[in-house]
Amino acid sequence: MKKKVKVFIFATTMLLTSCGIPKETLQRIQSGKKEMVDLPIDYCNSFPTPTYEQWDKDYNSYNRFLTRDIMRTQVGLTYDNKGVQTWLCTPAVRTHVQLDTATMIDDSKAVIGDWRICCNRKIAYIDSAVYADKKIYRDSELIYNEKDADVFLEISDAKFKMYGTEKGETNYKKAASKNYSIESKRFLMLYGSSKAAASVSFIGIDKEGRLIINTYMVEERKIKGIYITYVAVMTQLIFKRAI
């Protein structure tokens, strides 16, 4: 019987500011339309092989993409609760589920332009191992799939600007205006004056030409010698080029 894993979801939201949207940007938004798509729950994601012997090897294989700037952002919280050792990190890049390397961005200029949301969702992916069984148990949970709110991106060679509406509203507000860089062809760093305080996500372009931005919260729970559980909560934004 499949082991039931209790998942604690730590949701994060991007608060929209009251800053006005530039008139020219609003005109570009209003000239097009939003078209949402439904995608598989594991779309463009790669997972470790779910065997006791291979899981760690596959998980560690992605370390080759990590840079010093990326690792400086990875500050986790560790605590013990009645013998259960827990580690939390957000935003996290050392996740057991990662954006498929087939989406890697060879030319950073490929992201420049206007983009409009076509998929906005949050999903929890859970891998657990019971040491006595020497088995990996895998599960996933769709937390939400938002189809009403709108998100619009302006990406230049220097700035990442995001505008959006909240559910049930029609007025666009600025959600982000940051410097950015793409590291190792797969990580998006959004920052102000210093990369040390950057927000880090995975970024890629799928075979349909859509822009994918995945942001993760990771929770690891374990009792030494008994079990270990990895939970990666992914906020996924997928964009089509705005026409």
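Since every read-out is calculated from the coordinates, none of them should be taken as a lab result. All values derive from a computational prediction rather than experimental measurement. FYI the Cβ positions are ideal-geometry reconstructions off the backbone, even for glycines, and counts take in every protein chain you see.
Sketch the reach of a paramagnetic label on residue 66 as a point 7 Å from Cα along Cα-to-Cβ, and name the residues of the stretch 82-106 whose backbone nitrogen lies under 19 Å away.
The answer is 86-101, whose backbone nitrogens lie closer than 19 Å to the label point.
Of all trypsin sites (Lys or Arg not before Pro) in the stretch 160-230, which ones are in loop regions per DSSP and have a Cβ with at most 11 other Cβ atoms within 10 Å?
Answer by residue number: 167, 207, 224.
Please state the charge dipole magnitude for the stretch 104-220, taken about the Cα centre, from unit charges on C-beta atoms (+1 on K and R, -1 on D and E), reported in debye and rounded to the nearest 20.
Approximately 220 debye in magnitude.
Using 1/(1 + (r/R0)^6) with R0 = 30 angstrom and r between the beta carbons of residue 39 and residue 138, what's the FRET efficiency to the nearest 0.05?
The computed FRET efficiency comes out at 0.95.
Please name whichever of 189, 205, 123 sits farthest to the positive end of the charge dipole of the stretch 38-241, dipole taken about the Cα centre and charges placed at Cβ: Lys and Arg +1, Asp and Glu -1.
Value: 189.
Return the whole-Å distance between the Cα centroid of the stretch 78-105 and the Cα centroid of the stretch 106-136.
11 Å
Suppose the chain between residue 57 and residue 74 were pulled fully straight at 0.36 nm per residue; how much longer would it get relative to their current alpha carbon spacing?
4.0 nm
Which is the longest part of the chain that has none of the chymotrypsin sites (Phe, Trp or Tyr not before Pro) sitting in a DSSP loop with at most 12 other Cβ atoms within 10 Å?
Counting only loop sites that pass the neighbour cut-off, the longest clear stretch is 11-243.
Please go through the stretch 152-243 and write out the GluC sites (Glu not before Pro) that DSSP classes as loop and that have at most 15 other C-beta atoms within 10 Å.
Sites meeting the loop and neighbour criteria: 169, 208.
Charges at C-beta only: +1 for Lys and Arg, -1 for Asp and Glu. How large is the resulting dipole of the stretch 38-241 about its Cα centre, in Debye rounded to 20?
480 debye
7 Å from Cα along Cα→Cβ at both residue 102 and residue 184: what's the point-to-point distance in nm?
2.1 nm
For the pair residue 207 and residue 30, what calculated FRET efficiency results from E = 1/(1 + (r/R0)^6), where r is the Cβ-Cβ distance and R0 = 25 Å, to the nearest 0.05?
0.25
Between residue 241 and residue 84, what FRET efficiency comes out of the Förster formula 1/(1 + (r/R0)^6) with R0 = 41 Å and r the beta carbon distance, rounded to 0.05?
That pair, residue 84 with residue 241, gives E of 0.35.
Counting helices only, and only those DSSP H runs with n ≥ 4, report the 222 nm mean residue ellipticity of the chain as the sum of -39,500 (n - 2.57) divided by its residues, in deg cm²/dmol to the nearest 500.
It lands at -2000 deg cm²/dmol.
Which of the trypsin sites (Lys or Arg not before Pro) found in the stretch 23-76 are in a DSSP loop and have at most 13 neighbouring Cβ atoms, other than their own, within 10 Å?
Taking the stretch 23-76 and a limit of 13 other Cβ atoms within 10 Å, the loop trypsin sites (Lys or Arg not before Pro) found are 33.
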